[in-house]
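Reading through the structure tokens given below for one structure.
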Amino acid sequence: MELYQAIAMGIVQGLGEFLPISSSAHLVLLPWLFGWDTPGLVFDVALHLGTLVAVGVYFWRDWLVLLNEGRRGVRTKEGRLFWFLVAATIPGAVIGYFLEDLAATVFRAPLLVGTLLMVMGLVLYGADHYFRREKKLYDLGLKESMVIGVSQALAMIPGVSRSGITMAAARAQGVERESAARFSFLLSAPIIFGAGVVAMANLSPGDLDLAFVSGVITSGIVGFLAIKFMLAYIARHNFNIFVWYRLALGATVIVIALVRG
């Protein structure tokens, strides 16, 4: 893999992980559109480690509070949120384990990716516009957290978007936009960490070249900026711009896939 290709993949991972546009879809489509060699699922997951660092750096104060209060149980709102995040991580980890092989093969078909980009764009639009919004981050209960956690498992399929599906699930349960995004970003840390550990176990020393490391660093820097942008943007706007982007990209991918046969 060339250096510029790794950096480009890092950029789309950093943006796609936290904007509801599906990082995994873009990691599949970029090599497909430009005829690059596919770096493989291990590199894709390694790029997620860069975005894990972004989440850790951006929310380090939140995590310190959550971890500290979580040790004391569920007596405080921070302690409850910590254990709700733990519980919500379990469905994604379990389902992801069984879908790993499909995620590396069948689910990466461009025609399927394009279709899911469009379908999940419409799901995000519906969840954002047609449900009441009252709940804040600390109003989330175990039921709402588990629904979001189950939805996160679908993000194994490129085109769904982990941030998109979890924010849509939160919005459909009456969670206001900024709180939905914060819960989604916090929830990303454990699942990305677990996937990253598995991916690192499959690495060989020869994989850690300049391109590989540059891609991971790029995804972390861009991911941090994407979190900052997203939280500021949705404090004032809805998700429509991301919906239109998904619809346009999905339609383009479907047309190209059909033309190429």
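The values are calculated or read from the model by the stated rules, or taken from the named source; none is laboratory data. These numbers were taken from a predicted model, which means no experiment stands behind them. Note that we place each Cβ from the backbone using ideal geometry, even for glycine, and neighbour counts take in every protein chain shown.
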(message) Looking only at segment 15-43, count every residue that is surrounded by fewer than 20 Cβ atoms within 10 Å (Cβ to Cβ), of a type outside the set (S, T, N, Q) and either part of a loop (DSSP other than H, G, I, E, B) or modelled with pLDDT of 90 or more (or both) and tell me the total.
(response) 9
(message) As an exercise: evaluate M9 against (1) part of a helix (DSSP H, G or I); (2) more than 21 Å from Y245 (Cβ to Cβ) and give the number of the one condition it does not meet.
(response) (2)
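Can you report the number of residues in segment 1-39 which are free of Cβ contacts under 8 Å to residues at least 60 places away in the same chain and over 21 Å from R260 (Cα atoms)?
Applying the first criterion (free of Cβ contacts under 8 Å to residues at least 60 places away in the same chain) to segment 1-39 yields 4, 8, 12, 26, 30-31, 34-39.
Then drop every residue that is not over 21 Å from R260 (Cα atoms), which leaves 4, 8, 12, 39.
Selection size over segment 1-39: 4.
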(message) So the check is Cβ under 7 Å with 6+ separation or different chains; which pairs have a first residue in segment 112-136 that's within 9 Å of G250 (Cα to Cα) and a second one that's polar (S, T, N, Q)?
(response) L117/S22
(message) Can you list the helices (runs of 4 or more DSSP H) lying wholly within segment 99-172 that have 3 or more residues being modelled with pLDDT under 90?
(response) none
